[in-house]
Amino acid sequence: MGYLITVLLMAVPTFFALVAPHRTPPLARASFWMGIALNELPLYPMMWMIAATALARWDATLSTTEGRMALPVAVGVVAALMVILARGLVARGVLAGALREAGFADGADRVRYCGRPARVLGSVLVPFAVRASGVRHGRNIRYGEYGRRNLLDVYSPVAPHPGAPVLVYFHGGGYFSGRKDKEARLLLYRLARRGWVCVSANYRLRPTASFDDHLTDFENVLAWTAGHAAEYDGDAGRVVLAGSSAGAHLISVAALAGSRHLPSGVGRAPMTVDAVVCFYGYYGYYYGLGPDSDTASCPGALVHPDAPPFLIVHGEHDTYVPVAGARTFARQLREASNSSVVYAELPGAQHSFDLFRSPRFLSVVDAVEVFLSR
C-alpha cells in the first residue's frame, strides 16, 4: 500500500503539470499550484519514482495486488515526467527561433550555443542556485513613504563598471500579492554579474491601493533610480524595464502611455525607457477600469510607432493568464511599432516559470541577454 500511495501522490501533480486543465477557476488554480514545481523540476520526482519502483521490486511489493496495480501508473508517471522535461529543454530552440524571426540571427546562434549539455545539466542539478559571485545585493532601500511596500533591492557588480546599463524589475502577484525577492532572481543576478545595475521593487497592493497608486510607485522607483544609479556606477540614461505577470502589465502600460495617460500629480521620471521585457504578463484592463476610464490601463490600447523594443515570453500552458492575451499584444505591437518585437511562446510552460534555475528559465535568461545586447 505504501508503494501504491506513493505512486498516486505523484500521479496527481504530474497530471496537472502535463495537461494543465483550466476550464474553471478551481481547475486553473489546481493546475498552477500542483504543477508548477514539477513543470520546472521534473527530474527529481522522476528519480524518486524510479527509486520507489526499484525498492518495490527488491522487497517483492510488485508481486502483490497493490504493486501490480501501481506499476503501470508509475511507468505512466515517469513517461509523463520525461515529456515535461523535454518541453523545458526545447524552450531554447523556441527562443532562438523567436530571436531569429525578429532579426537577431547572431544572437539566436548564441542562445543555442549556451545550451551545451554540461551547462544544462548544471541547471538541472542545482535548481535553487540563483545567486552569482561578484554581485553586491543591497536590500530594503526605501524609495517612498508607504512602509514595506515602498522598499527596493539593488543588485550591482562588485567590480567597478562605470556607465553600467540599468534594469528595473517589478514583481507579479495580480496586484494583490508578491514581493521583490521572489521571481526572476536568476536574471537579476546574471545581469549584475555581467555589469548591469538591477533594481527590484515592491509596490503598493490591492485592495488598499488603486492603479493610480501602482503607477505612482512605479514613477517613484524610476525617480529614485535616476537619482541614485550613479552611486552604483549605473547610467540612468540607459534603462530597461522588466516585470512578471502584473509587473509586466504595469511596465507595459507605463512604457507605452508616457505622461499623457498617467494620473494627475504624477510626473514622468527624468529618464527614457530603452527596452521592455515581459514574463507571463497580463495585457488587459485593470480591475474595474475600461476604455472610458481616465487612467489608461490596457497595454494593447496604447501601442504606437515609437514604442520601445519589447521581449514578450509566455507559457503555452499558463492557466492564470492564458497565452491568447500575449499573442494578441505581440501582434498589436508588431503592427504598430517601428521597434523590434520578440515574442516567444514556451511549450508546456506554466505561470511563474521564473521561480527556479530550471533549464527552461536558464534559456529565457540567455535570450534576454541577447535581446538586451542590442
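When the stretch 319-344 is limited to residues that are within 16 Å of the chain's Cα centre (by Cα) and not in a helix (DSSP H, G or I), the one that is surrounded by the most Cβ atoms within 10 Å (Cβ to Cβ) turns out to be V342. Within the stretch 2-28, being outside any helix (DSSP H, G or I) and out of contact with any helix residue (DSSP H, G or I) (no Cβ under 6 Å at 6 or more places or on another chain) holds for R23, T24. Only a single criterion out of (1) under 18 Å from the mean Cα position of the chain (by Cα); (2) within 29 Å of H317 (Cα to Cα); (3) at pLDDT 95 or above is not satisfied by R92, namely (3).
In the stretch 192-210, the qualifying residues are those that are polar (S, T, N, Q) and crowded, with 17+ Cβ neighbours inside 10 Å, and the one that is nearest to V130 (Cα to Cα) is S200. For A30, the stated conditions hold: it is of a type in the set (G, A, S), free of Cβ contacts under 8 Å to residues at least 40 places away in the same chain and surrounded by fewer than 20 Cβ atoms within 10 Å (Cβ to Cβ).
Would you mind stating whether L167 is without any contact (Cβ under 8 Å) to a residue 40 or more places away in the chain, within 21 Å of T272 (Cα to Cα) and surrounded by 22 or more Cβ atoms within 10 Å (Cβ to Cβ)? For L167, the condition - without any contact (Cβ under 8 Å) to a residue 40 or more places away in the chain, within 21 Å of T272 (Cα to Cα) and surrounded by 22 or more Cβ atoms within 10 Å (Cβ to Cβ) - is not met. Looking only at the stretch 170-184, which residues are open to solvent by 30 Å² or more (accessible area, probe 1.4 Å) and in contact with a strand residue (DSSP E or B) (Cβ under 8 Å, 6 or more places away or on another chain)? D181 - this is the single residue of the stretch 170-184 that is open to solvent by 30 Å² or more (accessible area, probe 1.4 Å) and in contact with a strand residue (DSSP E or B) (Cβ under 8 Å, 6 or more places away or on another chain).
Among the residues examined, L71 qualifies as assigned to a helix (DSSP H, G or I), open to solvent by less than 70 Å² (accessible area, probe 1.4 Å), farther than 19 Å from D354 by Cα and not aromatic (F, W, Y).
The values are calculated or read from the model by the stated rules, or taken from the named source; none is laboratory data. Keep in mind the model is a prediction, meaning the values are calculated, not measured. Glycine gets a Cβ as well: all are built from the backbone with ideal geometry, and neighbour counts include every protein chain shown. When the accessible area is computed, the model is the full protein with side chains, heavy atoms only, and any ligands, DNA or RNA have been set aside. Shrake-Rupley method; radii C 1.70, N 1.55, O 1.52, S 1.80 Å.
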